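Worksheet: one structure, shown below.
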Amino acid sequence: MLELRGLTKRFGRLTAVDDLTIDISPGRVTGFLGPNGAGKTTTLRMALGLVKPTAGTATFDGKTYRQLAIPMRQVGASLEATSFHPGRTALNHLLTLAPPARVPDSRCMQVLEFVGLGPGAKRRVGQFSLGMRARLSLASALLGDPPTLLLDEPVNGLDPEGIAWMRRMLRALAAEGRTVLISSHLLSEVYQTADDVVILSRGRAVYTGSLVDLESSGQRVTVVSTPDPPAFARLAARLGWQLAGHPEGYAVSGPTAAEIGDAAAGAGIVLHQLATRSDSLETAFLALTEGQGSIR
C-alpha cells in the first residue's frame, strides 16, 4: 500500500502539490492522471525521496522510501526513459544496479528477456530507440522484483504493439498482487489498463475512484432524430424540455427516453432514433481538469 497523507510541495509562491491524501491499493492498476504541470511527477519524486515535501508524508506500508532497508526490493520506479549512459549496453546498465538491489547477475538477463530486450542485451543504449529505452527503464524498475511499481509515462515512445504488450504486462503484474501506479496526461493511455484513477488538477486531487464511476458521473442525455425537427422542437418547448443541437438530431435533457417516445407518439411525431447517451470519459476528464467540477 502506498499512502499519501497531506502531501504538499511549494516552490516559492508556486504550490505544485496541494494537500494530497490518497491510498494506492495492491492488486490493482491505478492511473495517475492530469495535464502537464498538474503535479504528477513532483508527487512521484516526493514518494521516492528525491524531493523533500513541504508538508505531509508518502509511505510504503508505513515506511518512507528512505526508511526501506533495500529500496529496490520494495519499490521499482521509472521516472525517465532517457537517463542512461549511451556508451553502456543494456546488460551492463542492469549489472550496475544489481548490487544495490542485492540480486544475482542472472536476474539482469531475466528481466531483459521479460521486457523483450533479450536480443539487444549487448547493444549500446545510445543506439536504442525511444521505445527500447522505455522497455529498459521498465526492466530497471523490475530488477529487484518489487511489490510496488511507480511508472511515469510508461508507454511513451512505444509503438501500438508495444503499448498493447505494456497493458498486458501491467495487468499481469497487478494480478500478482503488486501495487502498480502509472502516470499519464492522456486518459486514453490508461483507459484499457487501469482499474482506478487519481486525477490531479493544479496540484489537487479532483477525482479518486474507478473508471466505471467516472464514466457514470457524466450527464446523461437522450439523442433524438426525427424527420420533422420543427414539430419536435415545439413539443419540447411546450413540455419544458432542455433541447440542444446534436450531429444526429437533438440532445434532450430531463425526460427519459420512454417519456420522450410516449409524448412524441401522442403528438403524432415520427422518431427515427431514440437513444440514451452519457458524456464520454474524455468530457468528464476535461471538465475536472479545467476546474469545472470536482468528484470524490
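Cross-link partners for residue 63 among the aspartates and glutamates, with Cα-Cα distance under 17 Å and sequence neighbours closer than 8 places in the same chain left out: 3, 23.
What is the list of residues in region 12-27 whose amide nitrogen lies under 16 Å from a point 7 angstrom out from the Cα of residue 213, following Cα to Cβ? Counting only backbone N, you get 21-26.
Using Cβ point charges alone (K and R +1, D and E -1), the dipole size of the chain about the Cα centre works out to roughly 1320 debye.
Placing pseudo-labels 7 Å out from each Cα toward the beta carbon at residue 130 and residue 188 gives an inter-label distance of 1.5 nm.
A Förster radius of 22 Å combined with the Cβ-Cβ distance from residue 176 to residue 1 puts the calculated FRET efficiency at roughly 0.90. In a fully extended conformation the segment linking residue 248 and residue 161 would gain 27.9 nm over its present Cα-Cα distance, using 0.36 nm per residue.
By the rule of a C-alpha distance below 19 Å, with chain neighbours fewer than 8 residues away ignored, the lysines paired with residue 40 are 9, 52.
Take the Cβ atoms of residue 92 and residue 36, set R0 to 25 Å, and the FRET efficiency comes out at 0.15. By the beta-carbon count within 10 Å of each Cβ, the least crowded to most crowded order of 190, 125, fewest first, is 125, 190. Each listed q (0.12, 0.16 Å⁻¹) maps to a log10 I(q)/I(0) for the chain from the Debye sum over equal C-alpha point scatterers, namely -0.81, -1.20. Here region 26-117 yields Rg over Rh of 0.99, to two decimals, using C-alpha coordinates and the Kirkwood radius. Between 226, 170, 255, the Cα set farthest toward the positive side of the dipole of the chain (charges on each charged residue's Cβ, about the Cα centre) is that of 170. For the listed peptides 109-122, 235-248, 27-40, a ranking on the average number of other beta carbons within 10 Å per residue, highest first, reads 27-40, 109-122, 235-248.
What is the order of 57, 193, 41, fewest Cβ neighbours within 10 Å to most?
Details: 57 14, 193 23, 41 19.
Lowest count first: 57, 41, 193.
Of the residues 140, 78, the one with the fewest other Cβ atoms within 10 Å heads the list, and the complete ranking is 78, 140. Which of 208, 15, 226 ends up with the largest GNM mean-square fluctuation for the chain, with Cα atoms connected below 10 Å? Of 208, 15, 226, the most mobile in the Gaussian network model is 226. Relative to the longest principal axis of the Cα atoms of the chain, helix 90-101 runs at roughly 80 degrees.
Here, each number is a calculation from the coordinates, and none is a lab measurement. As the structure is a computational prediction, the values presented were derived from the model and not from experiment. Cβ: placed from backbone, ideal geometry, glycine included. Neighbour counts: every protein chain shown.
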